[in-house]
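The values are calculated or read from the model by the stated rules, or taken from the named source; none is laboratory data. What you see is a predicted model; the values in this text were computed from it and never measured. Cβ coordinates were reconstructed from backbone atoms using ideal geometry, including for glycine residues, and neighbour counts include every protein chain displayed. These area figures cover heavy atoms from the full protein model, side chains too; ligands, DNA and RNA do not enter into them. Shrake-Rupley method; radii C 1.70, N 1.55, O 1.52, S 1.80 Å.
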Amino acid sequence: RRTTRAWSNSSDDPAEACPSRSRSRWGREETSDGATVVASFITSATVRAMTTTAAITGIHHISVTVRDVEASAAWYLQVFEMTRLPITFEHHDCEDTGYAVLLIHPSGLVLGLHHNTGNDGVEFDERRTGLDHFGFAVADRGQLDAWVAKLDELGIEHSGIRDLTAPIPFSTLVFRDPDNIQLELYSG
């Protein structure tokens, strides 16, 4: 038996139900064994609006500028067990500024690693405008344990698993790539 209660993301009090609003909400489900699952879901009104307006179907690729394309490619291939496409891509509409290589993960995620002639070689810093971090979903908390073992084996520094309960219960493991881009593995 499941009971579901929904509330608006914008409410300061998640216990305050707002069923009349047609926007994304957080939902809390209690299973028959007493476990609580918190998940984001979209109301039927939002789904209807998505089918009649411009819509996206997911993330096709992520591209980042790196200091050393080959070193970053080797790192991502080893850590995420990706496959490298055997071609390079010039930058669209500014072909003389660099190129990208593409890596594909078995999940379908495509990662572009860009060399840019204007790159000053400074490592990434999320405190500047732009990207903060990438968050990758894993199946469950046990997968985070497997990732800790893998990162330790590869000698990659990480945060250790953090189990949090607020604002929603989730577990996370954080580490950084060779350009200091923060990568987060998330189980919620």
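Kindly indicate the residue of the range 112-149 that is touching a helix residue (DSSP H, G or I) at 6+ places or on another chain (Cβ under 8 Å) and surrounded by 15 or more Cβ atoms within 10 Å (Cβ to Cβ) and also farthest from Leu102 (Cα to Cα) among those meeting that condition. So that I can check it myself, show each step before the final result.
Going residue by residue through the range 112-149, those that are touching a helix residue (DSSP H, G or I) at 6+ places or on another chain (Cβ under 8 Å) are 113-118, 138.
Going one step further and asking which of them are surrounded by 15 or more Cβ atoms within 10 Å (Cβ to Cβ), we end up with 113-116, 138.
Numbers: Leu113: 6, His114: 9, His115: 12, Asn116: 15, Val138: 22 Å.
Ranking the candidates gives Val138 first.
In the range 51-76, what count of residues is obtained for those that are in a strand (DSSP E or B), closer than 19 Å to Asp125 by Cα and open to solvent by 70 Å² or more (accessible area, probe 1.4 Å)? Total satisfying the criteria: 1. For the range 150-164, which positions are of a type in the set (A, V, I, L, M, F, W, C), open to solvent by 50 Å² or more (accessible area, probe 1.4 Å) and without any contact (Cβ under 8 Å) to a residue 40 or more places away in the chain? Leu164 - this is the single residue of the range 150-164 that is of a type in the set (A, V, I, L, M, F, W, C), open to solvent by 50 Å² or more (accessible area, probe 1.4 Å) and without any contact (Cβ under 8 Å) to a residue 40 or more places away in the chain. A single entry from Leu103, Leu77 fulfils the requirement of being within 18 Å of Leu131 (Cβ to Cβ), at pLDDT 95 or above and out of contact with any Cys (no Cβ under 8 Å at 6 or more places or on another chain): Leu103. Note on the range 77-94: residues that are in a helix (DSSP H, G or I) and of a type in the set (A, V, I, L, M) total 2. Scanning the range 165-179 for residues that are open to solvent by 70 Å² or more (accessible area, probe 1.4 Å) and either of a type in the set (Gly, Ala, Ser) or farther than 27 Å from Val69 by Cβ (or both) gives Thr165, Ala166, Pro167.
Return the residue satisfying two criteria in turn: it lies in the range 95-111 and is open to solvent by less than 50 Å² (accessible area, probe 1.4 Å) and assigned to a loop (DSSP other than H, G, I, E, B), and of such residues it is nearest to Val66 (Cα to Cα). If you could, list the steps in order and put the result at the bottom.
First, pick out the residues of the range 95-111 that are open to solvent by less than 50 Å² (accessible area, probe 1.4 Å): 97-98, 100-103, 108-111.
Among the residues that remain, those that are also assigned to a loop (DSSP other than H, G, I, E, B) are: 108-109.
Numbers: Gly108: 21, Leu109: 18 Å.
Looking at the filtered set, the residue picked out is Leu109.
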